[in-house]
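Shown next, in structure tokens, is the structure this report addresses.
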Amino acid sequence: METRGQAPARGARAAVERWSAAPVVFLHRLPRVVLLAAVFALLVAGMAGTGMVAAAGFLLLAVLLGWFAYLNWPRLDVQARLLRAGAVALLALLAAGHALGRF
């Protein structure tokens, strides 16, 4: 995905952007409430579930957020990058904690 003022991506980033184009267009065409409901459902599954159900909810949410963060990374400032990286790390730690039975 070439952005204004930036050189086209190369290598692995270009491959991920090409692979992501169709799913991103699909998600963009959905009503906004659908993606919001999916994120909310994964968050509720992680918070209310136990064991592997909670771990799966948090892990899927971390993967989704990480994917979006990766696609937007070149346009983000340092503060936004830290916030997204911290959120993905927190969700991954919560998933690991639930999978290991710590929470």
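FYI, it's all coordinate maths here, none of it is from the lab. Keep in mind that what you see is a predicted model, and the values were worked out from it rather than measured. With ideal geometry, Cβ positions are generated from the backbone for all residues, glycine too; neighbour counts draw on all protein chains shown.
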Charge dipole (segment 1-102, unit charges on Cβ, about Cα centre) - positive-most of Ala45, Gln79, Ala15
Ala15
Would you compute, from DSSP H runs of 4+ residues alone, the mean residue ellipticity of the chain at 222 nm, taking -39500 (n - 2.57) per run and dividing by the full residue count, rounded to the nearest 500?
-26500 deg cm²/dmol
Answer label, with volume of the Cα convex hull per residue in Å³ calculated from the coordinates and candidates (1) 195; (2) 105; (3) 116
(3)
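So what is the relative contact order of the chain, in percent, for Cα pairs below 8 Å that sit 6 or more residues apart? Don't skip to the end; give the middle numbers.
Working: 75 pairs, mean separation 24.7, N = 103.
Relative contact order, the chain: 24 percent.
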At R0 = 25 Å the Cβ-Cβ FRET efficiency linking Val16 and Thr50, nearest 0.05, sits at 0.15
Which FRET efficiency value, to the nearest 0.05, is calculated for Arg75 and Ala37 with the Förster distance at 22 angstrom and r the Cβ-Cβ distance?
0.25
Mind checking segment 7-103 for trypsin sites (Lys or Arg not before Pro) that DSSP puts in a loop (not H, G, I, E or B) and that have at most 14 other Cβ atoms within 10 Å?
Arg10, Arg102
Rounded, prolate or oblate: which fits segment 50-103, taking a ≥ b ≥ c as square roots of the Cα gyration tensor eigenvalues, rounded meaning a/c under 1.5, else prolate when a/b beats b/c?
prolate
